[in-house]
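Enquirer: Have a look at this one before I ask anything.
The values are calculated or read from the model by the stated rules, or taken from the named source; none is laboratory data. Please read all numbers here as calculations on a predicted model, not as lab measurements. Here the Cβ positions follow ideal geometry from the backbone for every residue, glycine too, while neighbour counts run over all protein chains shown.
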Amino acid sequence: MSVALDRPPIPAGILGGGVVAIARMLNARSAPDVAKALAEGGVRAFEITLNDPIDRALEALTGVAASRPDKLDIGAGTVLTIESARSALDAGATFLVMPHTDPELIAWAAERGVPTLPGVATPTEALGAWRAGAAAIKVFPASSLGPTFIRELHGPFPDLPLVPTGGVTAETAGAFIAAGAVAVGLGSWLVGDGDPAGVTERARQVSATVAGARAGATG
C-alpha cells in the first residue's frame, strides 16, 4: 500500500489533540481570538478555509499565524489549486486540507514537506491520496458515510490515518474515534458564531469526548 517517498508527518496538533477546528468566512479581526479560545479549550489544530473572497480568508490566516497560541497548528482548508496552496503557505499555514483528491497537488505539497489532508469518499480515492503523499486522509462527508465506513475502510487499509469531517459534533465524535479515526474535524458546531466563550466551552466538550473515546479504545 505504501510507496517510497518522504511523507510529511501528521501535524502534532492533529495527532495529539484529535480535533481539527474548521472556520469558514471568519472575520480577520476576530480570528486570533477564536484561535486563542480553541487553544484554551484543548483544541490543537485550526483550519481556516479559503472560501471566496480568498483575500479575506488569507487575511484571517495571516492574523492567526502571527498571533499563534502555543501548540496550535494552523492550516488552510478548501485548497483547490497549487496557486491557492502557495498563497496559504505564504500566509502562514503549516498544513493543507482539501475537499477532494488531487494527486498532483498532494505530491506538490509533499515534495515541500507540507502535510496534506485530501478529502475522500471511496476506497479508491483513499488509496490514491495516500500513494500521492498525503499525511492523513480526510473522510468527507462524515455525516453521510458514518463511523461504520471508517471501521470498514480500515479492513483493507489498516494503516491509513483517517480524519472524518463534515457534520461531526461532540455527540458523534466519539463513535468516529472508536471506529479507528485518528482525529475528527468539526466546523460550525465547534466554531459557531465565533464567540470566544462559547468556542472554548465547546472545544473542552469535544476534546473530552475524543480523549474518552481514545481511552476506551485502548482500555
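Enquirer: Can you name the residue in the stretch 74-111 that is polar (S, T, N, Q) and on the phi < 0 side of the Ramachandran plot and, of all such residues, is surrounded by the fewest Cβ atoms within 10 Å (Cβ to Cβ)? Working first, answer last.
Expert: Filtering the stretch 74-111 down to residues polar (S, T, N, Q) leaves 78, 81, 84, 87, 94, 101.
Subsequent filtering for residues that are on the phi < 0 side of the Ramachandran plot retains 81, 84, 87, 94, 101.
Details: 81: 14, 84: 19, 87: 19, 94: 18, 101: 23.
Among those residues, the one meeting the criterion is 81.
Enquirer: Moving on. Return the only residue of 139, 163 being closer than 24 Å to residue 74 by Cα, touching a Lys or Arg at 6+ places or on another chain (Cβ under 6 Å) and buried (at least 22 other Cβ atoms within 10 Å of the Cβ). Working first, answer last.
Expert: Details: 139 fails: touching a Lys or Arg at 6+ places or on another chain (Cβ under 6 Å).
None of the other options fit; the residue is 163.
Enquirer: Identify the single condition in (1) touching a Ser or Thr at 6+ places or on another chain (Cβ under 9 Å); (2) free of Cβ contacts under 8 Å to residues at least 60 places away in the same chain; (3) farther than 30 Å from residue 108 by Cα that residue 167 does not satisfy, given that it satisfies every other one.
Expert: (3)
Enquirer: For the stretch 166-186, give me each residue that is among the aliphatic types (A, V, I, L, M) and buried (at least 24 other Cβ atoms within 10 Å of the Cβ).
Expert: So the first thing to find is which residues in the stretch 166-186 are among the aliphatic types (A, V, I, L, M), and the list is 168, 170, 173, 175, 177-179, 181-184, 186.
Across the stretch 166-186, the qualifying residues are 168, 173, 177, 181, 183, 184, 186.
Enquirer: Filtering the stretch 45-69 down to residues that are of a type in the set (Asp, Glu) and assigned to a helix (DSSP H, G or I), which residue is surrounded by the fewest Cβ atoms within 10 Å (Cβ to Cβ)? Show your work before the answer.
Expert: Our first condition is that a residue be of a type in the set (Asp, Glu); within the stretch 45-69, this holds for 47, 52, 55, 59.
Pick out the ones that are also assigned to a helix (DSSP H, G or I) and you get 55, 59.
Numbers: 55: 11, 59: 18.
Only one residue fits best here, namely 55.
Enquirer: Looking only at the stretch 106-135, filter to residues that are among the aliphatic types (A, V, I, L, M), in contact with a Phe, Trp or Tyr (Cβ under 9 Å, 6 or more places away or on another chain) and not in a helix (DSSP H, G or I); which one of those is nearest to residue 185 (Cα to Cα)?
Expert: Taking the candidates together, the pick is 117.
Enquirer: Within the stretch 24-44, track down each residue that is part of a loop (DSSP other than H, G, I, E, B), aliphatic (A, V, I, L, M) and touching a helix residue (DSSP H, G or I) at 6+ places or on another chain (Cβ under 7 Å). Reasoning before the result, please.
Expert: Within the stretch 24-44, the subset part of a loop (DSSP other than H, G, I, E, B) is 24-30, 41-44.
Within this subset, residues satisfying the condition of being aliphatic (A, V, I, L, M) are 25-26, 28, 43.
The answer is 26, 28, 43.
Enquirer: If you don't mind, there's one more thing I want to ask. The conditions are (1) within 16 Å of the chain's Cα centre (by Cα); (2) of a type in the set (Gly, Ala, Ser); (3) modelled with pLDDT under 95, and residue 67 fails exactly one of them. Which is it?
Expert: Tallying (1) within 16 Å of the chain's Cα centre (by Cα); (2) of a type in the set (Gly, Ala, Ser); (3) modelled with pLDDT under 95, residue 67 fails exactly one: (1).
Enquirer: What pairs come up if the first residue lies in the stretch 123-138 and is farther than 16 Å from residue 164 by Cβ and without any contact (Cβ under 8 Å) to a residue 40 or more places away in the chain, the second is of a type in the set (A, V, I, L, M) and in a helix (DSSP H, G or I), and their beta carbons are under 9 Å apart, counting only those six or more places apart or on different chains?
Expert: 128/106; 132/105; 132/106; 132/107; 132/110
Enquirer: Going by what's in this entry, would residue 203 be described as surrounded by 21 or more Cβ atoms within 10 Å (Cβ to Cβ), of a type outside the set (S, T, N, Q) and assigned to a helix (DSSP H, G or I)? Steps first, answer last, please.
Expert: Values: surrounded by 21 or more Cβ atoms within 10 Å (Cβ to Cβ): yes; of a type outside the set (S, T, N, Q): yes; assigned to a helix (DSSP H, G or I): yes.
When the stated conditions are applied, residue 203 passes them.
Enquirer: Right, something else. Given the options 93, 21, 88, 76, name the one that is assigned to a helix (DSSP H, G or I) and of a type in the set (A, V, I, L, M).
Expert: Numbers: 93 fails: assigned to a helix (DSSP H, G or I); 21 fails: assigned to a helix (DSSP H, G or I); 76 fails: assigned to a helix (DSSP H, G or I).
Result: 88 is the single residue among 93, 21, 88, 76 that is assigned to a helix (DSSP H, G or I) and of a type in the set (A, V, I, L, M).
Enquirer: Enumerate the pairs (first residue in the stretch 12-41 and touching a residue at least 24 places away in the same chain (Cβ under 8 Å) and closer than 17 Å to residue 96 by Cα; second residue anywhere and buried (at least 24 other Cβ atoms within 10 Å of the Cβ) and charged (D, E, K, R)) with beta-carbon separation below 8 Å, excluding pairs fewer than 6 apart on the same chain, so at least 6 apart or on different chains.
Expert: Note: pairs meeting the criteria are 12/44; 13/44; 14/44; 19/44; 20/47; 21/47; 22/47; 23/47.
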